[in-house]
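Data block below; observations after.
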Amino acid sequence: MTAKPFKRKAYWNEAELSWWERAYLFEILRGLGITGGVFMRNMWRWMTGRKGALTTYYPEETRPDYGRHNRGKHVLTQRPDGRAQCIACNMCATVCPAKVIEIDAAFDPDDPAHPKYPSRFEIDYSRCVFCGLCVEACPEDAIRMVKEVPDFPGADRHRMWLGKEELLGWKPQSDVAKPYPAKAGGAAKRGPA
């Protein structure tokens, strides 16, 4: 009599199903029972005037437990003269997995501290995945993500492109980690935007 050859499992932690689990019908019925129970519980709460388990009526209400680590909307930090801290290095646009950041660089010969600035800085929020890689990649602390996001969802795709003016003007921040000296014309003068 010959011995059976050793048959190795496909995975080292492959689950061995019992006959009950292999029948599948019982597991399907168990899953339907759990789903039906949650549905009936939420339906009963709705019928008795209480809210369902996770229902939030969005524009009027926001959840207090909404994403402790939610990154939120992007803002551009400002230099002392009010211009963007960004030096148009395109590192944020390069690292973005969804390719939603578009930057056009311009040259300012009057600014020796950093002569490059973004003439156009736009983010397409209809495709942004809010990963935060752009914030991590920025060497100048020029882009941040703020948690408070008013009226962010939209039905029009074209209104979800935010330009430099809105990114600078909404919740302006000037407490950068790498401050630059004010431009040689005074701090009140606003340079090329």
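In straight Cα distance, which aspartates and glutamates are under 12 Å from Lys4, not counting same-chain residues fewer than 8 positions off?
Filter leaves no residues.
Quick check on my link table: of Lys99/Lys171; Lys147/Lys178; Lys116/Lys178; Lys73/Lys171, which ones sit more than 20 Å apart, alpha carbon to alpha carbon? Display every interim value, and only then the final one.
Working: Lys99/Lys171 24 Å; Lys147/Lys178 22 Å; Lys116/Lys178 16 Å; Lys73/Lys171 10 Å.
Too far apart for the 20 Å limit: Lys99/Lys171; Lys147/Lys178.
As a test question: what accessible area, to the nearest 10 Å², does Ile34 have when a 1.4 Å probe is rolled over all protein chains in place?
100
How far, in nm, would the chain grow between Glu27 and Asn42 when pulled straight, counting 0.36 nm per residue and subtracting the alpha carbon separation?
My answer for the length gained is 3.1 nm.
Go ahead and run the numbers for FRET between Asn13 and Ala98, Cβ-Cβ distance against an R0 of 25 Å, rounding to 0.05. Intermediate values should be presented prior to the final figure.
Details: r = 34 Å, r/R0 = 1.37.
Using R0 = 25 Å, I get an efficiency of 0.15.
Give me the percent of the accessible area of the range 73-172 that comes from carbon and sulfur atoms, probe 1.4 Å, all protein chains in place. Please list the in-between numbers first.
On the way: 2690 of 5020 Å².
Taking all protein chains in place, the range 73-172 shows 54 percent carbon and sulfur surface.
Suppose each label sits 7 Å from its Cα in the direction of the beta carbon; what would the Met145-Ala3 distance come out to in nanometres?
5.7
Taking amide H positions as placed 1.01 Å from N in the peptide plane, with prolines and chain starts having none, which residues 5 or more places from Lys116, or on another chain, fall under 5 Å of its amide H?
Here Asp108 satisfy the definition.
Give the accessible surface of the range 73-172 per residue, rounded to a whole number of Å², with probe radius 1.4 Å and ligands, DNA and RNA excluded. Write out the running numbers ahead of the final one.
Details: 5020 Å² over 100 residues.
Accessible area per residue, the range 73-172: 50 Å².
The values are calculated or read from the model by the stated rules, or taken from the named source; none is laboratory data. Quick caveat: nothing in here was measured; it's all calculated off a predicted structure. Please note: Cβ atoms are built from the backbone with ideal geometry, for glycine as well, and neighbour counts cover all protein chains shown. Note: accessible area is taken over every heavy atom of the protein model, side chains too, but ligands, DNA and RNA are not part of it. Shrake-Rupley method; radii C 1.70, N 1.55, O 1.52, S 1.80 Å.
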